[in-house]
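The values are calculated or read from the model by the stated rules, or taken from the named source; none is laboratory data. Keep in mind it's a predicted model, so treat the numbers as computed, not measured. Using ideal geometry, Cβ is built from the backbone for each residue, glycine included, and neighbour counts are taken over all protein chains shown. In case anyone asks, the SASA skips ligands and DNA or RNA and just uses the protein heavy atoms, side chains included. Shrake-Rupley method; radii C 1.70, N 1.55, O 1.52, S 1.80 Å.
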Amino acid sequence: MRNIAGSGGVGDNVSTPDQIAANPPSSNQPTTTTVGGGGTGGSPQPGGKPVRSESTAGILFGIGAYGLWGLLPLYFFILMPASAVEIVANRIVWSLLFCALLITITRAWRVFGAAVKDRTVFGPLALAAVLIAINWLTYTFGVTTGHAVETSLGYFINPLVSVLLGVFVLKEKLRPLQWAAVGIGFVAVGVLTFSYGQLPWIALILAFSFGLYGFVKKRVGPKVDALTSLSVETVVLAPFAAITMVVLGATGVQTLTTLGAGHFWLLVASGVITAVPLLFFGASARRLPMTTIGLLQYFAPVLQFIVALTVFNETMTTARWIGFCVVWLALVLLTIDMLRTTRKNSVLKKQARLAAAQ
């Protein structure tokens, strides 16, 4: 899942459910490079491809990425009775094998080795791995225990978390609409706390773990590509995941080999299901402006919300509907602020180019 908030620093991050924030396609982080962001119709790029076709491809890749993330609860549902811990452990181990295959096909082992040896790359990615593991465990636990609506809430409020990170970590100054959105977000959490009878901790852990994940990845993003980043993160987590699988097997609670070939291959497929949307997202981010990515990001939690209501038949009380509507109001304000700021920056850049031409 990804996140948008505003312009400047963390507020510009676009961040994914899984996965992912805003810089070169490092795991969950795209670059903000805009291909045809100003909309030049069919004018060709240096590579020979028209901007319009590149933008269309970017949108399709983006829909593919966010669509897969949005439908992920259905995949976890069919994996039951596997526990959240077992699902995440398998997801990590099989993702590593899938990444190794892709690295071999693309002949990128030298790049991967350089990333592992570079402390300025490996250190942040190791921290990012811990954060995404917390995110995955919480998300899977929420979906498999009847809290899919709350997991979608986590990714709805993720943009607000990025704004807060910008204020408290990067010491950024917020624009009026951003302040309004943050204030409304706090009201929403209060309403939802009343509705649930406790803090919506699943949503908050998801939002903050992914927000921090995106923040960490933003620091290292320019130095590493999507495949290498994902590979390093899974290498960090794989030993713990492998030990977990062994322990689950030894204690007789694992389902990988006890529920038939179909269940076995569904768990093995978690590696592909984890990596493919991330690669789709990287391809989308290279072709689309940040504003388009920012708008596409809501596709995933909307799908998760719909699945929770229509497939899992989760209950939405009146108080919860009010809380969600307040969250959506905050997101509308953030989106308006983002679009206004982007338009203003575009006009200023155009004026600067005209002035330079004269």
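Results for (1) open to solvent by 20 Å² or more (accessible area, probe 1.4 Å); (2) at pLDDT 90 or above, shown as yes or no for each residue.
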| site | (1), (2) |
| --- | --- |
| 284 | no, no |
| 287 | yes, no |
| 291 | yes, no |
| 295 | yes, no |
| 303 | yes, yes |
| 307 | no, yes |
| 311 | yes, yes |
| 320 | yes, yes |
| 323 | no, yes |
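Table: residues versus (1) touching a strand residue (DSSP E or B) at 6+ places or on another chain (Cβ under 8 Å); (2) in a helix (DSSP H, G or I); (3) under 19 Å from residue 78 (Cβ atoms).
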site	(1), (2), (3)
263	no, yes, yes
276	no, yes, yes
279	no, yes, no
301	no, yes, no
304	no, yes, yes
308	no, yes, yes
316	no, no, no
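Of all the criteria given as (1) closer than 20 Å to residue 300 by Cβ; (2) surrounded by fewer than 16 Cβ atoms within 10 Å (Cβ to Cβ), the one not satisfied by residue 181 is (2). Within the range 60-80, the residues that satisfy the criterion of being open to solvent by 10 Å² or more (accessible area, probe 1.4 Å) and within 12 Å of residue 141 (Cα to Cα) are 77, 80. Take the conditions (1) assigned to a helix (DSSP H, G or I); (2) over 24 Å from residue 182 (Cα atoms); (3) not hydroxyl-bearing (Ser, Thr, Tyr); residue 332 misses just one of them, which is (2). Considering only residues of the range 325-339 that are in contact with a helix residue (DSSP H, G or I) (Cβ under 8 Å, 6 or more places away or on another chain) and open to solvent by 60 Å² or more (accessible area, probe 1.4 Å), which is modelled with the lowest pLDDT? Ranking the candidates gives 339 first. Within the range 68-113, can you find the residues that are of a type outside the set (Val, Ile, Thr), within 19 Å of the chain's Cα centre (by Cα) and closer than 23 Å to residue 225 by Cβ? Passing the criteria: 68, 69, 91, 95, 96, 99.
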